[in-house]
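All remarks here apply to the structure that follows.
We did not get these values from a lab; they are worked out from the coordinates using the rules stated. Given the structure is predicted, the values throughout are model-derived calculations rather than measurements. Neighbour counts are summed over all protein chains in view; Cβ atoms, including those assigned to glycine, are modelled from backbone coordinates with ideal geometry.
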Ligand SMILES: [Zn+2]
Ligand SMILES: [Zn+2]
């Protein structure tokens, strides 16, 4: 798969090949048809906010579900979706009230340290 990767703060956006793991748990794999690259991306590319690099950019996407993890019940392969990367659990009071940006458990969507990375390049994890 191709992705827009920045290797270090201040370096350019570079479209390159990366690897994407199969979905596990409640994850879905989206075949991205379009992605925005907004000023937030430029802020994180150009300024050190403590985000771990290298990183894949383009956090607003539209696409089609290509695969689902074993615990997914709300989506199926072929569903058309739009998404924005705001880590949120989907189950806490804030999430259920439509305030996902105030999620009380945003790390619930991260993979565990004993699980393979979602994104990698030449065997090295990407954020
Ligand atoms: Zn944005
Ligand atoms: Zn939540």
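Please check: in the Gaussian network model of the chain (C-alpha springs, under 10 Å), which one of 97, 71, 41 has the largest mean-square fluctuation.
97
Taking other Cβ within 10 Å of each residue's Cβ, how do 57, 49, 75 sort, fewest first?
With the sparsest Cβ surroundings first, the list reads 49, 75, 57.
Taking the inverse of the average 1/r across all pairs of different Cα atoms in region 11-127, what Kirkwood radius in Å do you get?
By the Kirkwood definition, the hydrodynamic radius is 15.7 Å.
Suppose R0 equals 25 Å. What FRET efficiency, 1/(1 + (r/R0)^6) with r the Cβ-Cβ distance, do residue 1 and residue 99 give to the nearest 0.05?
Efficiency computed from Cβ-Cβ geometry: 0.20.
If one puts a single equal scatterer on every Cα of region 87-127 and applies the Debye formula without solvent, what log₁₀ I(q)/I(0) results at q = 0.17, 0.20, 0.29 Å⁻¹?
Listed by q, the Debye log ratios stand at -0.54, -0.63, -0.86.
Relative contact order for the chain: what is it in percent, counting Cα pairs under 8 Å that are at least 6 residues apart?
25 percent
In a GNM of the chain with a 10 Å cut-off on Cα contacts, which of 116, 93, 54 has the highest mean-square fluctuation?
Ranking 116, 93, 54 by mean-square fluctuation puts 93 first.
When the helix-only estimate is applied to the chain (DSSP H runs of n ≥ 4, each -39,500 (n - 2.57), divided by the residue count), what is the mean residue ellipticity at 222 nm, nearest 500 deg cm²/dmol?
Theoretical 222 nm ellipticity from helices: -2000 deg cm²/dmol.
Is region 63-119 best put as rounded, prolate or oblate by its Cα gyration tensor, with a ≥ b ≥ c the root eigenvalues, rounded for a/c under 1.5, and otherwise prolate when a/b is larger than b/c, oblate when not?
oblate
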